[in-house]
Amino acid sequence: MFDRIKAILNKPELAAAGATGSIPDWARSAGLKCVAKGAGSYLIDGSFAGQPWAIEIGPSTRDFIVGQQLRGKVGLTADPNVSVIVMSRDLKESLDERVFKLYTDSVQTVVSPEMQDEMRWVTIFEEFGWDGLPPEFWQRYSVMADRRPHASVLVNEQLCEVLMNWPEQDAGKATPFTLQFSRSKLYLRMGFQPADVSTVQHAAAVLLSACEVAAAGFPVPTA
């Protein structure tokens with residue numbers, strides 16, 4: 001299935017279409033709808049295996065992402081009771097520190113109502129690790145979930161491979177990244193870095209790969 005996703009999103013002609021950095025040209029060549037919103041912002045819509053999906057590029061709505069962000073969303077026919085989050089290791093450690101300061105600040109006696117979803121995740125969900133994935137993956141990512149088996153179902157060897165194959169990062173800096181499966185939906189959020197077609201192309205591959213894994217691994221419970 002991953003070869004099929006790569007075939008759709010990484011055809012030579014699609015790469016050529018994006019060689020000049022034109023996101024609309026690449027989207028059009030891939031059979032996707034792309035609406036430019038100005039100032040480098042775009043909304044890309046597509047369908048894969050009967051599931052509508054979207055990627056939005058625009059100004060960051062998170063203080064841990066500087067500049068533009070890329071957000072993806074897919075609605076699935078899957079178990080709504082499963083929650084799994086994949087987060088870049090640097091971001092996880094940064095949020096852990098912020099949560100710790102919130103709870104230990106002698107002035108602040110309650111958690112701020114403005115606490116972002118990502119900060120709630122690190123307080124609610126347990127982090128899991130297991131054998132079978134390369135050490136480099138665990139150095140780069142944290143995996144949290146409601147249950148260990150759910151974590152290992154979503155983050156299998158194939159998805160691990162896709163997650164580890166991002167385009168080269170500027171100056172070797174880690175890009176803030178989250179991939180969340182919850183309530184039968186997949187959400188992706190990351191810094192748009194580097195800001196080019198290859199990043200959009202690969203983000204779509206990650207989103208769609210995770211979509212197929214989640215749909216197959218978390219079927220809707222029978223009554």
- Note on the structure: Once amide hydrogens are built 1.01 Å from N within the peptide plane, the residues lying 5 or more places from L133 or on another chain with amide H under 5 Å from its amide H are none
- Task: May I ask you to evaluate 6.51 cos²θ - 1.76 cosθ + 1.60, the Karplus curve with θ = phi - 60°, for each residue of segment 86-102 and list the ³J(HN,Hα) values in order in whole Hz, giving x for glycine and proline?
- Result: 10, 9, 4, 4, 4, 5, 4, 5, 5, 5, 4, 5, 5, 5, 4, 5, 4
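Pairs to check: K33/K185; K33/K73; K37/K73; K73/K101. Give those whose C-alpha atoms are more than 26 Å from each other in this structure. Before the final figure, lay out each step's value.
Details: K33/K185 21 Å; K33/K73 15 Å; K37/K73 18 Å; K73/K101 31 Å.
Flagged as over cut-off: K73/K101.
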- Message: Suppose we keep just the alpha-carbon trace of segment 176-223; what are its Rg and Dmax in angstrom?
- Response: 13.0, 46
- Note on the structure: Interchain or sequence-distant (5+) residues whose placed amide H lies within less than 5 Å of the amide H of V220 are D79
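Just to be sure I follow: if Rg is taken over the C-alpha atoms of segment 123-223 and Rh is the Kirkwood radius over the same atoms, what is Rg/Rh? Numbers along the way, then the final one.
On the way: Rg = 14.1 Å, Rh = 14.6 Å.
The Rg/Rh ratio comes out at 0.97.
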- Shape call, segment 39-163: gyration tensor on alpha carbons, a/c limit 1.5: oblate
- Collect residues whose amide H, placed 1.01 Å from N in the peptide plane, falls under 5 Å from the amide H of S83; neighbours closer than 5 in sequence don't count. D146, R147
- When the Karplus curve 6.51 cos²θ - 1.76 cosθ + 1.60 is applied with θ = phi - 60°, which whole-Hz ³J(HN,Hα) does each residue of segment 63-73 get, with x for Gly and Pro? 6, 8, 10, 8, x, 8, 10, 10, 10, x, 8
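Computed from the coordinates by the stated procedures, all read-outs in this text should not be read as laboratory data. Every value quoted in this text rests on a predicted model; they were computed, and no experiment measured them.
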